[in-house]
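Q: Supplied in C-alpha cells, the structure appears directly below.
Quick note: the coordinates plus some simple rules give every number you see, no bench work behind them. Please read all numbers here as calculations on a predicted model, not as lab measurements. All Cβ positions, glycine included, derive from the backbone under ideal geometry; neighbour counts span all protein chains shown.
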Amino acid sequence: MVLRFPRVRRLVWNAAAAAMLALCLAVPATAQDAAHWVPAWIASPTPDRLDGPGGSSLQFERQSVRQDMRLGTAAQALRFRISNELGTAPLRIGAASVRLADAAQPAQAVLFGGRAEAVLPPGGVVLSDPVALRVPALAEVALTLYFPDAVRPAVRRTAVRVADGKADVPAATALSYRQNVVSAVYAQTTARPRVVVALGDSITEGATASRGRHGDWPALLAARLEQACPGQVVVLNAGISGNKLLDAGRSPSALSRLDRDVLALPGVDQVLLFEGINDIRHGGAPALAPGRNAADMILGYRQVIDRLSQHGIATIGATLTPFGGSERYEPVAAATRQALNDFIRNGKAFSAVIDFDAALRAPDAPESLPAAITRDHLHPNDAGYARMADAIDLSLFGCTAR
C-alpha cells in the first residue's frame, strides 16, 4: 500500500502551538518512555451507505467538515487516524486543524509527515503527526477537515457540521448525521488506562440516541467509570448500524472486522460483545429468509472469544435484548434469542456477563421492551440507553464505585 503525499506548502503554526510541540518533543528520554499512546475515540469503517437522494452517494466536495469527538481519557497530545480502507476512490485531504471544542483559542494545524495535504488510495489509511494539545478526560476536540475534491466517506455515521469552502466551521452550525473519514483519535497519556471496546450493532452505536449528547450506552458507561475511577478506563464505541456477527450486510460482519476494528488498536484489554439481533431475525418472510440458528451463532461467539484470547484480550458477553412487537419479530427468532442468552449466561465461555436482557425487558412481557424506553420496540431511547449503562457492574473493569 502506497500513500501519496503531494508537495504542498506547510500551514503556518502560531508561535504558541509551535512552542508547545517543541516542548513535547524535547522532553527527556525517561519522560518519553513513561508516555503511552492509547485510543481515546473510534468510529468503525463501513462502506458508503448511499444515504443521498434516491440511494446516491452522499459526498463532501469543496467543503469543510467539523467533527466534535469526546475523548475517553485525558491527553497531552493527539494523533488522528484517517481511513479510506473501505473506500472505492482516492481520498484527498486539503487541510486539517484541531482545537478544544468549547475553547476560543485558534485551531492548530494537523499535518501528515510534516505536510498539510494527504491523498489516500482506496484501501489506504494515514496517521497524523502528533499535535501538542492538552485535553481533559471526557472533553471534546473539534477536528476540521477540508475536502477540495469529491469524497465518498467510508466510516460509520456520526454527528458532523458541514460548511462550504475552506472554513473554520463554527459550533453554531447545524449537526448532520453522516459518514465521515476519521476512524480513531489516539491520546498520549502519562499513565496507561484499561482500554475496553464495545463491539456491536445500532444499539451499541447509539443510532436512536439524541444527536450530539453522548447518550449511547458506551458513552454513558464511560462517564460512570470516569466519575468512579478517574483516568483508569477508556470505553470505545465500535458499534455499526445493521451490523451482524456472522454475515456481511451494510457493513462487514463482526468476525470479518475484528482485526481492523479491535486488534489493530493499541492496548485493548477487554471487548464487550453485544451482537446477534440482526443475525437471528428473518430477512423477509420467515419461511423464505430465516435468521441464523443458535448453533451457528454460538460458533461465531466462540470464534470471537478465541481470536481475542490469542491477543490477551478478555471477552465480556452481553445478553440480547427483547424485540417483541418490532418489525420481523416471530417465534423462531424469539426462541433463538432465548437459547443464545442461556449460552451467554451459563455457557462459561465469556470472562464475564452483562445481562442487558434482564435490565431492559418488560416485567409483564419479557419478549418486549417497555414502551417508555423504546421508539420502535427494538432500539432503546435515551432512557433505555441510560438503563443499560446503569446495569453494568463497574468492577468488571477493575473499578470499585465510590
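Q: Springs between alpha-carbon atoms under 10 Å, Gaussian network over the chain: tell me which of Arg66, Arg328, Arg134 tops the mean-square fluctuations.
A: Judging by the Gaussian network model, the answer is Arg328.
Q: I'd like the FRET efficiency for Glu327 and Ala167, computed as 1/(1 + (r/R0)^6) with the beta carbon distance as r and R0 of 35 Å, rounded to 0.05.
A: With R0 = 35 Å, the Cβ-Cβ based efficiency is 0.30.
Q: Sort Lys244, Lys348 so that the residue with the fewest other Cβ atoms within 10 Å of its own Cβ comes first and the one with the most comes last.
A: So the residues, fewest neighbours to most, are Lys348, Lys244.
Q: Pull up all non-local amide H partners of His282: gap of 5 or more, or a different chain, and H-to-H distance under 5 Å with H placed in the peptide plane.
A: Gly291
Q: Taking amide H positions as placed 1.01 Å from N in the peptide plane, with prolines and chain starts having none, which residues 5 or more places from Thr158, or on another chain, fall under 5 Å of its amide H?
A: Residues meeting the amide H criterion: Arg178, Gln179, Asn180.
Q: Under unit Cβ charges (Lys, Arg +1; Asp, Glu -1), what dipole magnitude, rounded to 20 debye, does the chain have relative to its Cα centre?
A: Here the size comes out at about 1080 debye.
Q: I would also like to ask the following. For the chain, count all C-alpha to C-alpha pairs, find those more than 31 Å apart, and express that count as a whole percent of the total.
A: Above the 31 Å cut-off, the chain has 38 percent of its Cα pairs.
Q: Among DSSP beta bridges whose residues both lie in the chain, state the antiparallel percentage, nearest 5.
A: 75 percent
Q: How long are the semi-axes of the ellipsoid equivalent to region 193-397, from square roots of 5 times the Cα gyration tensor eigenvalues, in whole Å, largest first?
A: Working through the eigenvalues yields semi-axes of 25, 21, 15 Å.
Q: Springs between alpha-carbon pairs under 10 angstrom, Gaussian network model over the chain: which of Gly54, Gly206, Gly284 fluctuates most?
A: Among Gly54, Gly206, Gly284, the largest mean-square fluctuation in the Gaussian network model of the chain belongs to Gly54.
Q: Any idea what the relative contact order of region 193-397 is, in percent, if you count C-alpha pairs under 8 Å spaced at least 6 apart?
A: About 22 percent, as a whole number.
Q: Against the globular-protein guess of 2.2 N^0.38 Å, express the Cα radius of gyration of region 32-188 as a ratio, rounded to two decimals.
A: 0.98
Q: Rounding to the nearest 20 debye, state how big the charge dipole of region 193-397 is about its Cα centre with +1 on each Lys and Arg Cβ and -1 on each Asp and Glu Cβ.
A: The dipole magnitude comes to about 220 debye.
Q: In region 193-397, with Lys and Arg counted as +1 and Asp and Glu as -1 at Cβ, which of these residues, Ala362, Leu255, Leu299, has the Cα nearest the positive end of the dipole, that is, farthest along it?
A: Leu255
Q: Starting from the Cα-Cα distance between Ser256 and Ser395, subtract it from 0.36 nm times their residue separation and give me the gain in nm to one decimal.
A: Answer, rounded to one decimal: 47.0 nm.
Q: With unit charges on the beta carbons (Lys and Arg positive, Asp and Glu negative) and the dipole taken about the Cα centre of region 188-238, which residue among Leu236, Gln188, Gly200 sits farthest to the positive side?
A: Checking the options against the dipole of region 188-238, the answer is Gln188.
Q: Using +1 at the Cβ of each Lys and Arg and -1 at the Cβ of each Asp and Glu in region 32-188, identify which of Gly114, Ala150, Ala95 lies farthest towards the dipole's positive end.
A: Checked the options; the winner is Ala150.
Q: Once the other residues with Cβ under 11 Å from the Cβ of Pro370 are scored (Lys, Arg +1; Asp, Glu -1), what is the net sum?
A: Around Pro370, the surrounding residues sum to +1.
Q: Order of Asp279, Asp247 from fewest to most other C-beta atoms within 10 Å?
A: In order of increasing Cβ crowding within 10 Å: Asp247, Asp279.
Q: Given an 8 Å cut-off on Cα distances and at least 6 residues of separation, report the relative contact order of the chain as a percent.
A: With pairs under 8 Å counted, the relative contact order is 16 percent.
Q: Okay, moving on. When Ser395, Ser64 are ordered from fewest to most other Cβ atoms inside 10 Å of their Cβ, what list results?
A: Lowest to highest Cβ neighbour count: Ser395, Ser64.
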